Structure formats: structure tokens, C-alpha cells
1. Looking at (1) at positive phi; (2) surrounded by fewer than 16 Cβ atoms within 10 Å (Cβ to Cβ), which is the only condition GLY501 fails?
2. Which of the residues belonging to the range 608-647 are part of a helix (DSSP H, G or I) and more than 17 Å from TYR751 (Cβ to Cβ)?
3. With respect to LYS205, is the statement that it is modelled with pLDDT of 80 or more, over 42 Å from the mean Cα position of the chain (by Cα) and at negative phi true?
4. Taking the criterion of being in the same structural domain as ARG718 (by TED's automatic domain parsing) and under 17 Å from GLY735 (Cβ atoms), would at least one residue in the range 656-667 satisfy it?
5. Considering only residues that are closer than 12 Å to ILE338 by Cα, touching a helix residue (DSSP H, G or I) at 6+ places or on another chain (Cβ under 7 Å) and not in a loop (DSSP other than H, G, I, E, B), which ones fall in the range 362-402?
6. Within the range 1-28, how many residues are in a helix (DSSP H, G or I) and touching a residue at least 40 places away in the same chain (Cβ under 8 Å)?
7. Here is a list: THR670, THR661. Which entry is among the β-branched types (Val, Ile, Thr) and at pLDDT 85 or above?
Amino acid sequence: MKTRVYELAKELNMETKELLDKLQELNLPPMTHLSGVDEETANMIRDLFIEEDKIAVKEKPKKKIHKIKEESETIDKKASDKKANKTNKGAKTEANKPELKKETKQETKHEDKKDSTDNKNKNKHKNKEEKYINKGNKEENQSNKKNKKNKNKQNKNNVEKAQEVKEEKVEAKKAKDEVVYITDPIVVKDLAEKLGVGVNQLITKLIMLGLMLNQNQSIDFDTASLMADEFGVKVELEVPQSEEEALELDFEDGEDTLITRPPVVTVMGHVDHGKTSLLDAIRQTKVQAGEAGGITQRIGAYSINVKGKKVVFLDTPGHEAFTQMRARGAQITDISVIVVAADDGIMPQTKEAISHSKAAGVPIIVAINKIDRPEANIEKIYQELADNDLLPEKWGGSTITVEVSAKKRINIDELLEMITLVAEMEDIKANPNRRAMGTVIEAQLDKGQGPTATVLVQKGTLKKGDYVVSGTSCGKIRLMVDDNGKGIMKATPSTPVKIMGLSEVPEAGEFFYAVESEKKARAIAEMRKEKQREEMITATQKVSLDNLFDRIKEGELKDLNVIIKADNKGSIEAIASSLTKLSNEEVKVSVIHSGVGGISESDVMLASASNAIIIGFNVRPNNGAMDLANAESIEVKTYRVIYDIIDDIKNAVKGMLKPKTKETVLGRATVRATFRLPNGQSIAGIYVDNGKITRNSSIRLLRDDVVIHDGGISSLKRFKDDAKEVATGYEAGLGLENYNDIKEGDEMEAYIIEEVKA
């Protein structure tokens, strides 16, 4: 039976890394922490290290005694040598001292006398000569003094002018020889300053090129290069310093400031391969059951204790629409756990997850899930992994594989042990004693809390009351909660937290930074907003009358304009990315507007002006928006599952859309009160605002026009009697199936799904 290296390290009470280093010194074959050694080799290693410890213990006092003895001998020797040298030195000095002193004194006296006499004679003769020369010079200087004075006055201005001309020529030559670095794009006024020419001169040249611009507008690098050539100046594109460096938001930490931090583990894989179920098994929760359509549609972040060590897990969506989300998860992770269903094998999104993990340069652990199923084929999975450059460790490779069953909780502990082992080998560190920075995992607009963001702290410590900035969003953290919804005061590296107090909803995937003051946070946010505005202006300028006319002449190009509203930024990102990919030669799909929150009247007005359709994901239009949409004949489509959106638009673009079902909204009601029955069920006291509520209809529970729950009616009563329907202007008591979190002010939308007959 073979013993793994990491198990042997535990037995010898030493770090795995330390043991591997020792084995390398002994010229044993190259090994990893997962390498197995036979019993004979394992015993040899045990004996060797035990023997080393014994020798170390025995030799230690001997060495110490020997060292003391040596030191004592050295001191005695030095003392005797020093005494002997002192005696010899004294004798020498006494013998030579009188003779040397006498001789030196006599020689010095003689030489000084001789030099004094010679110098006296020389100086006397020299002074006489200088007297006559100075007298002649004095007379000459006096006669020329007046003439020189007049000449200097006359030539002063000429010299100065000549000097100025010379300097100008040198500067001009220097300017032509030197390279001027410019940004892309660059404002006309700034370019003129860089080139050393007047703004009007530059604008004139631009007009000659057919560009009617003012000094505050921007031009691209190619145009700026042409202008520079006109004025004989060489220009190159400036590689800008990163914003983080320029604003001192981020910096590299010294090695002495780094300490070990918990690893961030991202769970990735194909849709329905059991990623969330695996996390549920680890967390002992039931998250997956509550997911719409049975799939994860946003990134979840959870902290888990594994034998006293903290591990942070990120759950990413598996559907193809969530490519960017998976990429984001791979970028902020330390270890990737790729889940593969044993009965399905490696699928397109599995390959994509592998690519993201390899690109991020993080270690990969493959969790082969659903091994409890009869159709599970482990050997097939190993072969497919090998085909994708992930040779399993059991086949002699380096890829760690763990066979698990999330449903039956098989080998979950082994998976966690492998994760902690890899984390130990990676030596993951961060500096907690600095201002925090990290990544926004998800962000949304909450009715009661305003803009919120789930962030992962990567460096430093984030504290309640810190001023933060993320993109164009900034604010002071007024509330910070962990993944269990518990309020906390600070978050150290590798901690996922939800923060509140931001000015607006930040973009998912954006970095966030803690700054020293509110003033700085606001200044950075405003600067970024201004930058965005300039980019929009620049982009608008690129559209000219010429290419617009060309597009009109073609006539065959059709644009499908889409407005997307969703409950969070990540979903918008995924939907927009998927829809733009559906464009073909005949139809171009364009997302003209997107935003977080319910569908409003302004969205409908924009759709009317731009001939667009509105897509809502987990959101609904309010009453005003619905009325306006009906009046303007604007199509509003709402969805709960993302791949339904993609399928519908794909079919519409291809001209194959043949709906099998149709949704009909029956009416809306407002929750005016809530009651709790003895059995624990919540009953809503409702008032029907418009339409009707029927017993067989489905109900969407809306909070700030965002869908909180979608399901059937468990009970509908007027007073104590059951009711089949409740019309406009009437009150009723309504209970929802398997849902009790109803609040006053919530809205209910009744609808039915009808089959469309061909």
C-alpha cells in the first residue's frame, strides 16, 4: 500500500513543502504532494528523519562544549600575543627615540633658514617689477574706460537680441529632434500646447482637412499625427500610467508585510452538472432549490470553515450566456474547482471554464459529480480530461480529481482536504494592514437599502465607515454584512461582504478602493464620469454625414433595437453579450439602453422613439408603463430564465418564432396588510387596483417592480368564503403557495399562460 507525501508529512509533524525539499536534497525521484511512495521507501524516510532528530539532540551539547573550549584557547593565545607585542614595541621605541628626535630637529632648522633667505630676495625683486607694470596698466585702463563704457551700452541690446535668436533656433531644432508623447484621444487645445503652436493655427489646419472642431473637442491619434507632421513635430502614443498608480489607489506590498490569507475557490462547470448542489453539500444548505429554472444566474460568495481553516467559495453560472461572469470568477480566484457530471462528461461550458482557469494561471481540481448514478462512467471522464490537457493524477498526471456525489454527500471531506492542501502549497498571502481594495462580484438596487454591492476584499482590511470608490460610484459604508446576513465591523483579505451606502449601483467586475476621505472619493468618481462623457462625445463625433448617407442608401440593413431592464448588473451584462452575438447579415441586434430596476414610463418612451422592444429580466413594468406601452403599441417581454430570452430573440431573428404559449395579464392588486395563520402561513390583505384576480391564475409578487416570487395561489377568500375571482375595487385575502415573505406595499400581478393554436 502506498502512502502519499502529504500524509507522510502530517505523520512526521512537518509542512508538506518542507518534506518535498528534503526529499529533493536526498536525490530521490521528483515528487509532488500527491505522489505515492511504497511502504519500504516510506519506512526509510521515517527512519532517516527520526535518526536525524536523534543525532541533532546528541550532538548539540558536544558542539557547545567544544565551541567553549576553542573560544577559551583563542582568548588565551590572543592575550599572550598581545603581551609579547607590547614588550617588544616598548623596547624599540625607547631605543630609537632620542637619536631620531635630535637628527630631525637639526635638519629642519637648517632647511628653514636657507628657504627664508632665498624667498626674501626673490620677493623683493618681484615686487619691483610688478610696481612698474601696474603703473602702466593703470594709466591705460583709465584712458580706455570711457570708450569701453560707451561701446558696451551700444552693443548690449544687440547681444541680447542675438542671444534670443540663437536660443529660439536651438529650441526649434530641439523640438524637431525630440519626440512629443500624446494621448489617444487628445483635446485640440492640449495638442496645440504639446506641439508649441497657436490653437487657431491648429484649428485652421483641421478645417483644411474637413474637420470643423473647436478647441475643447477631441481628435484621435491618427489625426493628431497628421497635424504634427504639418508642423514638423514627431509624435508618439503615450502609454498612460494606470489610473490606480496615478491616483495612488493600489500598490505592491512588501514581502515582510504579507501574511497567509484564506484561499478563494471558484466552482465552475457546465449548466446542471451540480455546482450549486455541491456547494449546498459543503454548506449544508438548499440554495439550488430556490434558483429560477434550476440554474444559478449570478455569482454567489460563501465563507466555509474547513477544520478550523477558512475557505471562500464562489459559485458561478454555467449557462453559455454567463461567459463574462465565469471569466470574472476565474480572475479573482486562487483555485478552480471544475465540476463534471459523471453521466454527462465534458461539455462546451466545461471547456470554457478550463480555458478561463488556465488563462488565469490557477491550479485546477476536477470534481467528478453524480458518481451515484448508474450511468456514471468515470473512465470516460478521465479520457476526456486527458484530451483537454488535464491528465488525471490517477493516470500519472498532475491534475487532482475527486469522485463525489453532492446528493449523497460522498467524498465531500476528501474534496475539502484537497482544496486546503493545494492552498497550502500555493502559499497564498496578502497585506491586511493597508487600505482595502477588491472586486465587485455583484451589484443591485434594493428598495429598502438603495444601491448595494457584494464585494470580495483582496488586499487590506475594509471597515464600516470607510470611504470607497468603484467606477463612477462612491460613498461611505454605512452597513456591511457577511454571507450569512450578519452585520460586521471589518472584513479582512478573502472575505466576501455586502456593502451599503454607495451613490449608485457599481458595475459588476469593477475594482473598488478604500480612500482616505469623502472628498477624494467624490473627486475620483466625478473625474471618471467626466471621462465617460468625453468618450461618448468622441464616439459621437466619429459618426459623419457621409457614412450615415451610405447606410441609408443600403436600405437592406435592419436594426433590432433592444432595451434591457434587470434586477442586477451581472444579468444585464450576460443578456446584452448574448443578444449582440445573434446578429447576422440581415438583422443587427443592438442594445440601445440597459439599467437596473423595474420598467418605467421613460423606458417605454425611449422604446417608442427608437422603435425598440423592451426585455425585462426578473422585473415588471409599473402601471403607468404598462398603460403607455399599450397606447404606443410597444412590445414588453418579461422573463425569469435567461435562456428563454435568447431562444425567443434567436428565433425571431431567424424568422422562425412560432410561440406555443401566450401570457395574458389579468390584473394587479396592492398588499394593504398581512396576517399570520396558526399553521404559519402568511395571508395578504389585497385591494384589486385593476383587472381581476382569479383562483386559477399565477401570481407575481413585486417589490419596487422587481419580481420577488412567482407561483400559484393557495387560497383566495372574500371575508370567510372562498372566491373564484375578485374584481377591480374589491378587497380579498390571498395566500401564496410555498411562500410567506409578503410585506405591506408589495404588488401582485395575476396572469395566465394560454396555449396558442396553430
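1. Exception for GLY501: condition (2).
2. First, pick out the residues of the range 608-647 that are part of a helix (DSSP H, G or I): 608-610, 623-632, 642-647.
If the condition is that a residue be part of a helix (DSSP H, G or I) and more than 17 Å from TYR751 (Cβ to Cβ), then SER608, ALA609, SER610, GLY624, LEU628, ALA631, GLU632, ILE642, TYR643, ILE645, ILE646, ASP647 are the ones that fit.
3. On the way: modelled with pLDDT of 80 or more: yes; over 42 Å from the mean Cα position of the chain (by Cα): yes; at negative phi: yes.
Yes: the conditions hold for LYS205.
4. No, that holds for no residue.
5. Scanning the range 362-402 gives ILE364, ILE365, VAL366, ALA367, ILE368, ASN369, THR399, ILE400, THR401, VAL402.
6. Residues of the range 1-28 that are in a helix (DSSP H, G or I), as a first pass: 5-11, 16-25.
Okay, now just the ones that are also touching a residue at least 40 places away in the same chain (Cβ under 8 Å), so 6, 16-17.
Looking only at that region, the number is 3.
7. Numbers: THR661 fails: at pLDDT 85 or above.
Result of the check over THR670, THR661: THR670.
For every residue, the table says whether it meets (1) modelled with pLDDT of 85 or more; (2) farther than 17 Å from TYR643 by Cα; (3) β-branched (Val, Ile, Thr).
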| residue | (1), (2), (3) |
| --- | --- |
| LYS519 | yes, yes, no |
| ARG528 | yes, yes, no |
| GLN541 | no, yes, no |
| ILE575 | yes, no, yes |
| LYS581 | no, no, no |
| ASN584 | no, yes, no |
| ILE592 | no, yes, yes |
| ALA612 | no, yes, no |
| PHE617 | yes, no, no |
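The values are calculated or read from the model by the stated rules, or taken from the named source; none is laboratory data. Because the structure is a prediction, the values reported are computed rather than measured. Heads up, the Cβs are rebuilt from the backbone with ideal geometry, glycines too, and the neighbour counts pull from every protein chain shown.
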